[in-house]
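Contents: one structure, followed by commentary.
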Amino acid sequence: MTAELVRGQNHPLSQSRLEIRISAGTPVAAAAALSDENGRIHGTEWVAHPGAPVQPGLEVSRQAAADHRLAVDLDAMTEAVHRVSVLLALPAANGGAGPARFGAVAAPFVAVTGLDGTEVASYTITGLDLESAVVALELYRRQGAWKVRAVGQGYAGGLAELFADQGLSEAAQLAAGIDEAVARGLARSVQAPPPRTSEGDRSRQAAAPAVGPDQGAAPQGVPGPVPPAYGGQPADGQGQGGPQPAYGGATGPHASAGGGPVDYSHPRRQTSAPPPPPPAAPPAQPGQPTRPVAGDATGWSMEERLYNQVWGMFEDLARTAAAYRSAVDFAESRMDKELEQALSDPRSRIGGQGDAAREAARARYTQLVDQARASLDRDVAQLVAESEVVEPALPPAFARWDNPCWHAYRVPMEIPMALRLGDLRLPEAESIRIPMLLRLPLERGLWIDSGRTDSLDGSFTDSHDMRRLAMDTAVAHAARLLAVYPAGEFTVHVVDPAGSGAQALAPLTQTGVLAGPPAQGAAGVTEMLARLTQRVDLVQMALRGGAPDALPPGFDTSQQLLIVNDFPHGFDDRAVNQLRYLVDEGPSVGVHLMMVADREESAGYGPLLDPLWRALLRLTPVPDDHLADPWVGHAWTYEPPAVPHGSEVLRTVLTQVAEARRTWNR
């Protein structure tokens, strides 16, 4: 499966002979620089460029073009070479024709493929403006193995500034030589391809959602299969403007240099070949419905197909339940009207005539409801059959904890599209559960409610048990987040002022997946919140200054999650304001919050905390019908994920995560 990288993300390479395919909206010059383990280029002979297109294990194009194919043989590299950087430059920056900055053209797209054309990793270089040269990506050697990293570092001073930054003393002379070679070949340059057409429609179209009624009550961020008013992104992938980098950088299409039309096609979909067709359903028996197949939705990978199929199942269930409710409402309204008409005449209120009218009205009501129920049961049965083939095919990020795929779990090499947070169901269809999928990376924090004391099944749960269940649920969510991220790309911190969550936190603390011991006491809370708020400030300043790479050496660029237990106990006004700041500003720079709290106990802070609660996605440790659906007006029942009783799957998975993290940090 293709790894679609964002800036700074890496991916392992299993092949040594590769092609690097480059697609740009205008002719660009392509080059490749070899460097040592410190990133230093030893001389001009370490650079393959249009004037010297061949180096050991490396060959680049001899001219500027809108599409390039660079050949790389990693086994042919000398031992001194530890990095191969792919460079792009605009010829017009040094007197040529066409645009002089990357901000005036469509975002370049770079793909690493095998010799058979199989795509290994791809990267859309977004966030460029005044830059005329850019380090697109790099292949680098780590512990004897090669990896690819998305870089996207641009230089307004062109190739001369780029080479100087790489430590090359002859930077200006080499840049001038490349410009001269490009100028000689501009007459032969390949023109930009015609604009790409927009991506085809999904097989199942989502109705246009209304704005969520709860920018306060019903959670605005119900993910995945819930309509975009909750998910924050459409089902096709990344929302407007393409994939979002971990730490800023402008995204979205740019206008062409000549003011021409803008290509709004999804940049991550600009791959070298169309997606393979979805699997075909086996032939059905005469008179029987088509047998469902896992992955029969559209998409560019099986993961995306399964995601879209779950979305379609949600839509189908919502639609058929809405039709059933509408039919029942109509039947009741019709019966009431017929009874009113039949009994409007006082002479027909008694005797056989009135009884017959009432019986006829009730019979017609029963007939309509039975017809609606039969239609609902038929649709639900089809959805149940689809769920039976989809559920076993889900990858770990989408699967329940009892899915056998967890027994073959391995730490992933790339971030999945989404994460399963539980299940959704409706009272009319108790036999079907729809996976509740939350898009990654997280766009908002989570609030695990520890204050509800009764569940939908009528059972009573005291406050102590609710706090324990809430903390167990928070640990399960955190474990899943750790499990679906590559090693070293997700970090979890815990604030437990009174130490009351020690038992629930045992799977995290005993396996060693936490960044450090849970912070306890007022001093621990203060230190943890100060550290994370300082991190948010630091990254925001780097982004606003246009220097996201100017962060301190060794800065941990992984996503950060802070679990806060027992709020508001142990939190003063300053700590509360810091929490609100993390909720508001943290997600945009990779810092997220998971609150385990009882809202009623926090009422003493008054309206101060209302913005905090509204900004978080509320989940519960017991089934609760609190998720409003603005699409068709349903109230969905949320069921939290449950680890099978007595199962060691959680500890087994976390042990692998901890080992992968230790290996990564060596």
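Quick rundown of the values:
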item	result
Pair list, Cβ < 7 Å and 6+ apart or interchain, from the stretch 536-557 residues that are open to solvent by 40 Å² or more (accessible area, probe 1.4 Å) to residues that are modelled with pLDDT of 80 or more and part of a loop (DSSP other than H, G, I, E, B)	Thr557/Gly8
Odd one out for Ser344 among (1) part of a helix (DSSP H, G or I); (2) within 25 Å of Arg358 (Cβ to Cβ); (3) open to solvent by 50 Å² or more (accessible area, probe 1.4 Å); (4) not hydrophobic (A, V, I, L, M, F, W, C)	(1)
Residue ID - nearest to the chain's Cα centre (by Cα), chosen from residues in the stretch 1-19 that are among the aliphatic types (A, V, I, L, M) and surrounded by fewer than 23 Cβ atoms within 10 Å (Cβ to Cβ)	Val6
Residues (small (Gly, Ala, Ser) and without any contact (Cβ under 8 Å) to a residue 12 or more places away in the chain) located in the stretch 464-491	none
Residue tally, condition more than 21 Å from Asn665 (Cα to Cα) and in contact with a Pro (Cβ under 7 Å, 6 or more places away or on another chain), over the stretch 549-574	3
Residue check, Arg40 buried (at least 23 other Cβ atoms within 10 Å of the Cβ), assigned to a loop (DSSP other than H, G, I, E, B) and touching a residue at least 12 places away in the same chain (Cβ under 8 Å)	no
Per-region count, the stretch 138-169, residues more than 18 Å from Ala30 (Cβ to Cβ), small (Gly, Ala, Ser) and out of contact with any helix residue (DSSP H, G or I) (no Cβ under 6 Å at 6 or more places or on another chain)	6
Positions within the stretch 648-666 being among the basic types (Lys, Arg) and either surrounded by fewer than 17 Cβ atoms within 10 Å (Cβ to Cβ) or at pLDDT 90 or above (or both), in sequence order	Arg651, Arg662, Arg666
Residue among Glu79, Glu161, Glu131 that is assigned to a loop (DSSP other than H, G, I, E, B) and surrounded by fewer than 19 Cβ atoms within 10 Å (Cβ to Cβ)	Glu79
Condition check for Ala356: at pLDDT below 90 and open to solvent by less than 40 Å² (accessible area, probe 1.4 Å)	no
Residue check for Arg433: buried (at least 16 other Cβ atoms within 10 Å of the Cβ), in contact with a helix residue (DSSP H, G or I) (Cβ under 9 Å, 6 or more places away or on another chain) and modelled with pLDDT under 90	no
Check on Val525, among the β-branched types (Val, Ile, Thr) and within 24 Å of the chain's Cα centre (by Cα)	no
Subset of the stretch 396-428 (residues that are of a type in the set (A, V, I, L, M) and either modelled with pLDDT under 90 or assigned to a loop (DSSP other than H, G, I, E, B) (or both))	Ala397, Ala399, Ala408, Val411, Met413, Ile415, Met417
Single match in Asp377, Asp402 (criterion: closer than 30 Å to His645 by Cα, open to solvent by 60 Å² or more (accessible area, probe 1.4 Å), within 38 Å of the chain's Cα centre (by Cα) and not hydroxyl-bearing (Ser, Thr, Tyr))	Asp402
Residue among Val310, Val384 that is touching a helix residue (DSSP H, G or I) at 6+ places or on another chain (Cβ under 8 Å) and either modelled with pLDDT of 90 or more or open to solvent by less than 70 Å² (accessible area, probe 1.4 Å) (or both)	Val310
Cβ pairs under 6 Å, 6+ apart, first in the stretch 44-67 and of a type in the set (Ser, Thr, Tyr), second buried (at least 18 other Cβ atoms within 10 Å of the Cβ)	Thr44/Leu174; Ser61/Ala30; Ser61/His68
Restricting the stretch 43-59 to residues that are in a loop (DSSP other than H, G, I, E, B) and small (Gly, Ala, Ser), the residue that is farthest from Ala183 (Cα to Cα)	Gly57
Top-ranked residue of the stretch 93-124 - restricted to ones that are part of a loop (DSSP other than H, G, I, E, B) and closer than 21 Å to Pro12 by Cβ, ranked as most open to solvent (accessible area, probe 1.4 Å)	Asp116
Filter pass, Pro56 being more than 36 Å from the chain's Cα centre (by Cα) and open to solvent by 50 Å² or more (accessible area, probe 1.4 Å)	yes
Number of the condition not met by Ala297 [criteria: (1) under 28 Å from Asp379 (Cα atoms); (2) open to solvent by less than 50 Å² (accessible area, probe 1.4 Å); (3) assigned to a helix (DSSP H, G or I); (4) not β-branched (Val, Ile, Thr)]	(3)
Residue in the stretch 60-70 that is open to solvent by 10 Å² or more (accessible area, probe 1.4 Å), assigned to a loop (DSSP other than H, G, I, E, B) and in contact with a helix residue (DSSP H, G or I) (Cβ under 8 Å, 6 or more places away or on another chain) present	yes
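The values are calculated or read from the model by the stated rules, or taken from the named source; none is laboratory data. None of the values given here were measured: they were computed from a predicted structure. Cβ atoms come from the backbone with ideal geometry, glycine included; neighbour counts cover every protein chain shown. The area values use the complete protein model at the heavy-atom level, side chains included, leaving out ligands, DNA and RNA. Shrake-Rupley method; radii C 1.70, N 1.55, O 1.52, S 1.80 Å.
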